[in-house]
Structure formats: C-alpha cells, structure tokens
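Asker: I'd like to ask some things about the structure below.
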C-alpha cells in the first residue's frame, strides 16, 4: 500500500512538473542600453517580441513575422517568469551596455494575449506582418545645397539618432556613417550623389540606404532676433534595384537670438520639432517595402552576353517556371527581377547548374544580398556595364 502511495505521489509530482514546464518558453535574447538595467529591460522586450513572432506564425490568417504591439511589449515584465544574465559588458567604442539573457516566459499568458487579439479585427491591424532581423539599412548624410548643416552638428546628429532608434525598434540592423568609418574607413563626405551612396550600401550588403539632407537659413527680425527656417529631406533606395521607394520632407521654423550658439540651438529645436514626424513617415514606408506581404525577389545581373544568349536566359527562366521582369537591358548587359520564394543562394545555385547543363557560358561572379551577378564571355560591342 505504501509503495503504491509513494508511486502515486511521485507520478503526481512528475505530472505537475511536466505541466508547469509546458507553460514556460525559454528564449535567448540580446539587450542594449545606456545602463545595465536599460539593457536588461530591452533584452526582455526583445525576448517577448521573438516569442510572439513564433506564436503569430501558427495563425493561418497572419503572414510570417513578428508581432509588434505596444499593449504586450510595453508590459514585457508581466510575461516573464524569470531571467538569467548569461553575458554582459560595455562596448568600448559606442559606450553602450550589452547583455545576453536567457528569459523564461509564461507561454500561457502569451498565447491567451495573441488569441484575444486574433479574435478582434481592431487588434489585428496592429500586427506587423514581417520579420526584419536580417534586414540591413545604411543611413548616410548627403548635403544638397550650400546651406546644408554640418554632419557633426547637434541638429543632424539628433535626426540620425532618431532614424537609428526608430528602425532598430522595428528590428532592422542600422549602420550610420560613423560605424562605416570604423569598419572600412569610409567618411560621410564620400557621399556626393545617390549612385555613390547606393554603391557604398551594396558593398556593405545593405538592403536599403537612407539619405539624409538638412538645410537651413536665417532672416533677421525687427526686434533683433533671427527667424530660423529649416528643411529636412529623407530618401530611401532599395539597394537591390536602385529604386527610390520613399521620399519624405518637412519644413519648420523658430525664433532665436543671434550668435553661433543661438543659431545652432534654433536649428536643433526645429530638428526636434519636425524630426519625429518625418522619420516616422519614412520608417513606415521602409516597413511596408520589406513587409512579408510583398513578393520576394532577387536581382539577377547578366553581363557580357550576346543577344542570342540573353534570349536563352529568358527561355531558361520560363522553363523553370519563375516569374520575372526585365528591369534593364542594354547591349550585352541585362538586369532581371526574379520573383521567387527561394533565398538568393538557392537561386544562384539553380541558375548555375542550369546554365551549365544548357552549355550556356555564364559563370557566377558575385552575390551581394539579393543581387546575383553572372559573367559571360561575349566580347562584342554593345555597351556592357
């Protein structure tokens, strides 16, 4: 009898442990912040968002991606059973504190929260149907006129930091000019036009490049002050296609006293006033551009090929059953947008094998992000790039 009671008690304890463990979900996350506690808080928030993203994919009416919803993520601590700091330290370059956390989350609470939102159409609009943690955005400052504000000014730095903060909050990997300079010695002054900016971003395997322009002027007033007016322009280009897909602009003005400090402070106040709404509009367009709802595609570039070989390439794409669009074609050069769910590496491998089987003299030359370049052997005249 006692043996049976011990067995029953052991079984119940094991069952209780199994049930309790089923309620938990453990996530490893990275957090950054100006202080240790801020880094921990951000790490917990990131863990909650990651767990929510996994839950969202289980619902058939929501595309794969993360759930970014303030009602949940702003109360991240309420879904945490416990956490452990696995590693921590301060970046000697950026002076930012970083932590690596193991976070145990209450799975039942999270599932109930998601289920509630899924049942209510009002809440479904707050789902962000995408995942951006592998998307890289390069942000560069490009002077447009002789009235542009210096890059190291308080106003420009405020705007650059704001862009970084907004994009990072959506999960994008963001690189500013200072970071690029540390990586490869590139300075902001190298950006003289849109083409050079896109090329820099492509070399850094960026998915998008954002160009920031901020110019200002001043007029004296009758009472001895100055009227400061400034224009902030933000443009975003797709690094794969070179396409301008977002352009936002806003103007602002303020009154300030004379002197260098007064003028700089006035421009900074305009930046603080108009910056958030301009940046939010830009980030919204970037999010929509790289949303999971948008057709996935790779840019296949064919260089040094004859017209006959170009026709063969199109025949091959049709045989493979891939949707495509000729984005650019001139002489011995062509750019093809290939719409396919496969990743660029797989597309490159399939094309390489198919070209070889068809005895088409095209060799893979380079792959950068979603840009795949094949090189031919045609040497005739025809304006290759």
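The values are calculated or read from the model by the stated rules, or taken from the named source; none is laboratory data. Note that the structure is predicted; figures quoted are calculated from it, not measured. Every residue, glycine as well, gets a Cβ built from its backbone with ideal geometry; the counts of neighbours run over all protein chains shown.
Asker: Can you name every residue in region 226-273 that is farther than 29 Å from residue 369 by Cα, at pLDDT 80 or above and out of contact with any helix residue (DSSP H, G or I) (no Cβ under 8 Å at 6 or more places or on another chain)?
Answerer: Within region 226-273, 227, 231, 269, 273 qualify.
Asker: Quick check on region 33-63: of everything there that is in a helix (DSSP H, G or I) and in contact with a helix residue (DSSP H, G or I) (Cβ under 7 Å, 6 or more places away or on another chain), which residue is modelled with the highest pLDDT?
Answerer: Per the criteria, the residue is 44.
Asker: Collect the residues in region 282-306 that are assigned to a helix (DSSP H, G or I) and touching a residue at least 40 places away in the same chain (Cβ under 8 Å), keeping them in residue-number order.
Answerer: Selection gives 282, 283, 285, 286, 287, 289.
Asker: With the requirement that a residue be over 19 Å from the mean Cα position of the chain (by Cα) and either buried (at least 21 other Cβ atoms within 10 Å of the Cβ) or modelled with pLDDT of 75 or more (or both), what does region 192-217 give you?
Answerer: 193, 194, 195, 196, 213, 214, 215, 216, 217
Asker: Among the candidates 365, 327, which residue alone is touching a residue at least 24 places away in the same chain (Cβ under 8 Å), in a strand (DSSP E or B) and over 20 Å from residue 243 (Cβ atoms)?
Answerer: When all the criteria are applied, what remains is 365.
Asker: Looking at region 354-375, which of its residues are out of contact with any helix residue (DSSP H, G or I) (no Cβ under 6 Å at 6 or more places or on another chain) and farther than 16 Å from residue 297 by Cβ?
Answerer: 355, 356, 357, 358, 359, 361, 363, 365, 366, 374, 375
Asker: Still on this structure, please answer the following. Suppose the filter is surrounded by 19 or more Cβ atoms within 10 Å (Cβ to Cβ), touching a helix residue (DSSP H, G or I) at 6+ places or on another chain (Cβ under 6 Å) and either at pLDDT 85 or above or not assigned by TED's automatic domain parsing to the domain that holds residue 204 (or both); does residue 351 pass it?
Answerer: no
Asker: Continuing with the same structure: Between 68, 99, 93, which is in contact with a helix residue (DSSP H, G or I) (Cβ under 8 Å, 6 or more places away or on another chain), assigned to a loop (DSSP other than H, G, I, E, B) and at pLDDT 50 or above?
Answerer: Only one candidate passes the filter, namely 93.
Asker: Answer yes or no as to whether residue 86 is surrounded by fewer than 19 Cβ atoms within 10 Å (Cβ to Cβ) and at pLDDT below 50.
Answerer: No.
Asker: Just one of the numbered conditions (1) surrounded by 14 or more Cβ atoms within 10 Å (Cβ to Cβ); (2) at pLDDT below 85; (3) over 30 Å from residue 31 (Cβ atoms) is not true of residue 180; which one?
Answerer: (3)
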